[in-house]
Amino acid sequence: MTELTTRAWLLSDAPQTRRQAKLGALYQGWLTFRANKLAMFGLVILILLVLMAIFAPWLSPQSPFAQNLADRLKPPSAAHWLGTDALGRDILSRLIHGSRITLFIVGTVALIAPVIGLFIGTVAGFAGGWVDQVLMRITDIFLAFPKLILALAFVAALGPGIGNAVLALAITSWPPYARLARAETLTIRHADYIAAARLQGAGPLRLLIGHVWPLCISSLIVRVALDMAGIILSAAGLGFLGLGAQPPMPEWGAMISDGRTYILDFWWVAAVPGMAIFIVSLAFNLLGDGLRDVLDPKGAKE
């Protein structure tokens with residue numbers, strides 16, 4: 001099958017099989033996403049971030065933990081492309097290895113928080129009544145507190161550390177997803193196909209998993225992509241305050257904290273990890289805008 005034939009097969013207005021219809025929808029979504037140059041730019045940055053994290057041991061010129069006080073606070077040069085910190089550690093090496101921590105935080109929170117929010121929101125919207133009232137009041141309590149302040153409280157109770165920081169961020173990030181999932185569920189719980197499935201003997205759990213959740217996932221994916229920048233900033237904030245990754249781990253927020261004392265004279269110590277956070281956060285925002293165009297075209301137009 002030639003490229004033109006494959007393209008025509010994917011873009012057919014009358015697909016012959018379910019597989020053709022699904023592949024055609026994916027291909028059309030890719031074409032829409034590819035047309036957004038900024039979204040493609042964000043995707044390229046994130047792909048480079050993933051590759052940098054995977055090949056960190058081979059890409060970093062030095063060990064991220066190796067100290068050399070004779071080279072402390074050296075400016076960017078051929079020997080140290082991004083300079084060194086107060087302990088003589090190579091900032092480029094620490095930045096590369098720190099990408100692993102960033103991806104770990106983002107990936108873990110993205111796996112935990114949306115799942116919790118999806119379950120609570122769909123149960124509340126589908127069940128209604130007192131179940132809806134109780135679950136949404138709990139959600140309102142979480143939403144009443146700023147996310148970072150609430151995360152600080154959880155980390156203070158659990159103790160500092162990257163694991164506890166991720167857990168705190170996940171616990172404080174689910175309420176918006178629950179609200180979104182509930183709103184989606186309320187619009188479809190009385191649909192004809194839900195009533196037909198119920199008449200065929202489908203129970204509440206089967207209706208939720210098989211019919212309600214698939215329609216909520218696209219909106220959640222867009223929201224997750226747009227929220228990743230905030231999660232990275234919250235994680236960096238915890239690291240900056242000493243409640244996230246502990247020394248000598250090369251977490252970007254902790255690196256900024258280490259360099260704040262020297263910000264006027266040795267700007268690169270804090271500016272380089274700060275720029276990395278900015279670039280990755282921008283990439284996630286651009287990617288989220290592109291996914292919104294593909295998965296939620298109505299919302300994109302509004």
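Per the Kirkwood formula applied to alpha carbons, the stretch 131-212 shows a radius of gyration over Rh ratio, Rg over Rh, of 1.16. The Rg/Rh ratio for the stretch 30-79 is 1.23, where Rg is the radius of gyration of the alpha carbons and Rh is the Kirkwood radius.
In this simple spin-label model, placing a label point 7 Å from the Cα along the Cα-to-Cβ direction at both Thr187 and Ile209 gives a separation of 2.6 nm.
Mean separation of Cα pairs under 8 Å and 6 or more residues apart, divided by the residue count, gives the stretch 133-188 a relative contact order of 43 percent. Karplus-derived 3J(HN,Hα) values for the stretch 57-74, using 6.51 cos²θ - 1.76 cosθ + 1.60 with θ = phi - 60°, are x, 8, 7, 6, x, 9, 6, x, 10, 5, 9, 8, 5, 5, 10, 5, 6, 7 Hz; glycine and proline are entered as x.
Relative contact order of the chain: 23 percent, from C-alpha pairs under 8 Å at least 6 residues apart in sequence.
Ranked highest first by the average count of other Cβ atoms within 10 Å around their residues, in what order do 165-175, 241-251, 16-26 fall? It would help to have the intermediate numbers written out before the result.
Numbers: 165-175: 23.9, 241-251: 20.5, 16-26: 11.7.
Result, highest mean first: 165-175, 241-251, 16-26.
Projecting the Cα positions of Thr122, Ser60, Leu31 onto the charge dipole of the stretch 1-141 (unit charges on Cβ atoms of Lys, Arg, Asp and Glu, taken about the Cα centre) puts Leu31 furthest along the positive direction. By the count of other C-beta atoms within 10 Å, a proxy for reagent exposure, Met275, Met228 are ordered fewest to most as Met275, Met228. Straight Cα distances below 16 angstrom link Lys37 to the aspartates and glutamates Asp289, Asp293, with same-chain residues fewer than 8 positions distant left out.
Gly274: net charge of surrounding residues, Cβ under 15 Å, Lys/Arg +1, Asp/Glu -1, itself excluded? Walk me through the numbers on the way to the answer.
Values: positive: Arg94, Arg260; negative: Asp85, Glu251, Asp258.
Net local charge, Gly274 excluded: -1.
Summing Lys, Arg as +1 and Asp, Glu as -1, what charge do residues with Cβ under 13 Å from the Cβ of Gly242 carry, Gly242 excluded? Please list the in-between numbers first.
Values: positive: Arg260; negative: Glu251, Asp258.
So the environment of Gly242 carries a net charge of -1.
Residues whose amide H comes within less than 5 Å of that of Gln246, counting only those at least five positions distant or on another chain, are Ile162 (H built at 1.01 Å from N in the peptide plane). Sorted ascending by nearby beta carbons within 10 Å, beginning with the fewest, Phe266, Phe41 become Phe41, Phe266.
Would you list Arg179, Arg94 from fewest to most Cβ contacts within 10 Å?
Numbers: Arg179 20, Arg94 28.
Placing the least packed residue first, the sequence is Arg179, Arg94.
Quick check for me: using +1 on Lys/Arg Cβ and -1 on Asp/Glu Cβ, what's the dipole size of the chain about its Cα centre, in debye to the nearest 20?
Values: 23 positive and 17 negative charges, 119 e Å.
In debye, rounded to 20, the chain gives about 580.
Translational diffusion of the chain was estimated from the Stokes-Einstein equation, with Rh taken as the Kirkwood radius over Cα pairs; at 20 °C and 1.002 mPa s the coefficient is 98 µm²/s. Please report, ordered by residue number, every helix of the chain (full DSSP H runs) that is 20 Å or longer along its axis going by C-alpha atoms and whose mean Kyte-Doolittle hydropathy reaches -1.0. Qualifying helices: 18-35, 37-54, 91-127, 129-143, 162-188, 213-240, 268-295.
Every read-out reported here was derived from the displayed coordinates using simple, explicitly stated rules and does not represent laboratory data. In this text, all values refer to a predicted model and were calculated from it rather than measured experimentally. Counting neighbours? That spans all protein chains shown, and the Cβs are built from the backbone with ideal geometry, glycine included.
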